[in-house]
Amino acid sequence: MYSLKERYDVIIVGTGVAGLNCALNLPRDKRVLVLCKSKITDCDSYLAQGGICRLRNEGDYDSYYEDTMRAGHYENNPAAVESMIKGSQEVIADLVSLGVEFAREEDGSFAYTKEGGHSFPRICYHEDSTGKEITTTLLSAVRKLDNVELAERVTMLDLIADGNECFGIVVLDNASGEVHKIFGDYTVLATGGLGGAFGNTTNFGILKGDALAVCIDRGVAVDRINYIQVHPTSLYSKKRGRRFLISESVRGEGAYLLDKNFNRFTDELKPRDVVKDAVFAQMKKDGTKHVWLDMRHIPAEKIASHFPAIVQRCKEEGYDVFTECIPVVPAIHYFMGGIRSDLKGRTTMSRLYAVGETCCNGVHGKNRLASNSLLESLLFAKRAAQDITSVYSPAESEGESAAVASLDMDKYKNPKKLLAKYRTQVRKAVKAASEGKDININYKEN
Ligand SMILES: Cc1cc2nc3c(=O)[nH]c(=O)nc-3n(C[C@H](O)[C@H](O)[C@H](O)COP(=O)(O)OP(=O)(O)OC[C@H]3O[C@@H](n4cnc5c(N)ncnc54)[C@H](O)[C@@H]3O)c2cc1C
């Protein structure tokens, strides 16, 4: 039953790491609503496998910076990269203080793993379920806060805005089909990626870029929306539905990519876009629907302890990773573009913030370096919360009234149709930004 209030101080749309960390860093005297479209656990943050980057020490700075820029084709925003790397130790310390358990060496120091594009191991991890470990820990911390309300199965349909100022959101209560207005002095969009708008994706299908479409409609600036990362290795399957990712850290720990004759054909640890292109080229040359990933030469105990979820999932699909190669194929994975935001999460609309994968502050450039995403989402969500705290002022009631008066409630009479329209808009906008070319993946789902 819908039990949300009509008014909060801050509304956060999205319960992934970005939304939760934003809520955790807001003052306790602010009434905060964090809502999501489906179940709380249906967000990509739960799926993150490989890990989260951490600057190991001052001597690692130049290398980490260069790796991030090189992976991003030097189209990254240098200030964002600097801020993210310098904030990485703070983020990991925050997580550890909340109870997140990362793999450790015998002496208690962090154990680091490596992924493509990294010159050195600098990725903290928790087996192959780092995202789940982080997100469940954040969630239990948020659940302890009296000032934060969590709501599942409530879908944002629109912003309530007057000109260039945001006063809240219009939502659909999925269960009853009712549409409601919720007012907030500040609104934070933490709505994740858009793989669900395209299919053949590692993302949850519900993540279709709704907020991106709403922002485009409302004249909020968006950037680089054709920058969509295709991950080189998802488990090939003829079944429909979300593609299961085979983390890059499997290659980081030594796995090989093999062609149809079981020969290596590329450097497995190049940045993702380079490896993805090599895989597609090999599939085309071989006339196959996948290539092979070989972990057989990696010590079995290492695979079992570092990648238990991958081992299990492959088993369910009929593959024993210890004795046979597994078929892998590229899949749409990550959105580098998004709603334009600065390093405090501010969008071009007053009182509206965007954090996490849905925003674009330019940190990833044209291609995200592995394991920079959880870090970016957590850090800039915290910065957004800090900014809201420092600039906080209640919204003016005249503006709010004008925003309500300008709402055409007929628009929400058929929410399903509206959401389908958003999906089409997202696909069209991405295509237009790609100068008429379809999204940069030349592989069609079976
Ligand atoms: C399989 C997989 C593995 C990954 N591995 C790694 C990794 O090892 N390291 C790393 O750094 N990154 C990894 N990533 C990327 C990383 O997980 C994500 O970029 C990050 O978790 C995004 O967090 P977020 O909070 O921005 O969004 P999400 O966690 O995706 O959350 C989005 C939220 O928005 C809500 N939402 C969306 N639209 C609406 C709407 N209209 N109304 C209401 N709510 C809405 C959803 O319900 C959800 O709660 C991986 C991603 C995938 C898919």
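The values are calculated or read from the model by the stated rules, or taken from the named source; none is laboratory data. Being a predicted model, the structure only gives us computed values, none of them experimental. Cβ coordinates were reconstructed from backbone atoms using ideal geometry, including for glycine residues, and neighbour counts include every protein chain displayed.
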Long-range neighbours under 8 Å by Cβ, at least six apart or interchain, first residue outside the structural domain of Arg218 (by TED's automatic domain parsing) within region 143-172, second within 11 Å of the ligand (Cβ to nearest atom): none
Every residue from region 317-360 that is farther than 21 Å from Val214 by Cβ and of a type in the set (Gly, Ala, Ser): Gly318, Ala331
Residue identified as aromatic (Phe, Trp, Tyr), within 15 Å of the ligand (Cβ to nearest atom) and assigned to a strand (DSSP E or B) among Tyr64, Tyr2, Tyr8, Tyr46: Tyr8
Matching entry among Ala395, Ala433 (being at pLDDT below 95, closer than 23 Å to Ala190 by Cβ and out of contact with any Lys or Arg (no Cβ under 6 Å at 6 or more places or on another chain)): Ala433
Sole exception among (1) at pLDDT 95 or above; (2) over 15 Å from the mean Cα position of the chain (by Cα) for Thr15, by number: (2)
Single unsatisfied condition, Asp62 versus (1) within 21 Å of the chain's Cα centre (by Cα); (2) surrounded by fewer than 22 Cβ atoms within 10 Å (Cβ to Cβ): (1)
Meets criteria (part of a helix (DSSP H, G or I) and in contact with a Phe, Trp or Tyr (Cβ under 6 Å, 6 or more places away or on another chain)) for Ile92: no
Every pair of residues 6+ apart whose Cβ atoms lie under 9 Å, when the first sits in region 239-262 and is touching a residue at least 60 places away in the same chain (Cβ under 8 Å) while the second is more than 16 Å from the ligand (Cβ to nearest atom) and of a type in the set (Phe, Trp, Tyr): Leu257/Phe265; Leu257/Trp292; Leu258/Phe265; Leu258/Trp292; Phe262/Trp292
Residue that is farthest from the ligand (Cβ to nearest atom), among those in region 11-43 that are among the polar types (S, T, N, Q) and out of contact with any strand residue (DSSP E or B) (no Cβ under 8 Å at 6 or more places or on another chain): Asn25
Condition met for Leu33 (hydrophobic (A, V, I, L, M, F, W, C), buried (at least 19 other Cβ atoms within 10 Å of the Cβ) and outside any loop (DSSP other than H, G, I, E, B)): yes
Residue match in region 283-299 (condition: surrounded by 12 or more Cβ atoms within 10 Å (Cβ to Cβ), farther than 27 Å from Phe198 by Cβ and under 25 Å from the mean Cα position of the chain (by Cα)): no
Single match in Glu133, Glu115 (criterion: at pLDDT 95 or above and either of a type outside the set (Val, Ile, Thr) or within 16 Å of the ligand (Cβ to nearest atom) (or both)): Glu133
All positions within region 375-418 that are more than 16 Å from Val81 (Cβ to Cβ) and within 14 Å of the ligand (Cβ to nearest atom): Ala381, Lys382, Ala384, Ala385, Tyr412, Pro415, Lys416, Leu418
Members of region 391-412 found to be surrounded by 10 or more Cβ atoms within 10 Å (Cβ to Cβ) and either among the β-branched types (Val, Ile, Thr) or under 19 Å from Asp173 (Cα atoms) (or both), listed by number: Val391, Val404, Leu407, Met409, Lys411, Tyr412
Meets criteria (on the phi > 0 side of the Ramachandran plot, buried (at least 24 other Cβ atoms within 10 Å of the Cβ) and out of contact with any Cys (no Cβ under 6 Å at 6 or more places or on another chain)) for Gly345: yes
Residues of region 81-130 satisfying the condition of being closer than 22 Å to Asp273 by Cα and touching a strand residue (DSSP E or B) at 6+ places or on another chain (Cβ under 7 Å): Thr113, Lys114, Glu115, Pro121, Arg122, Ile123
Only one of Ala354, Ala370 that is within 12 Å of the ligand (Cβ to nearest atom), more than 27 Å from Lys114 (Cβ to Cβ) and either assigned by TED's automatic domain parsing to the domain that holds Glu268 or not acidic (Asp, Glu) (or both): Ala354
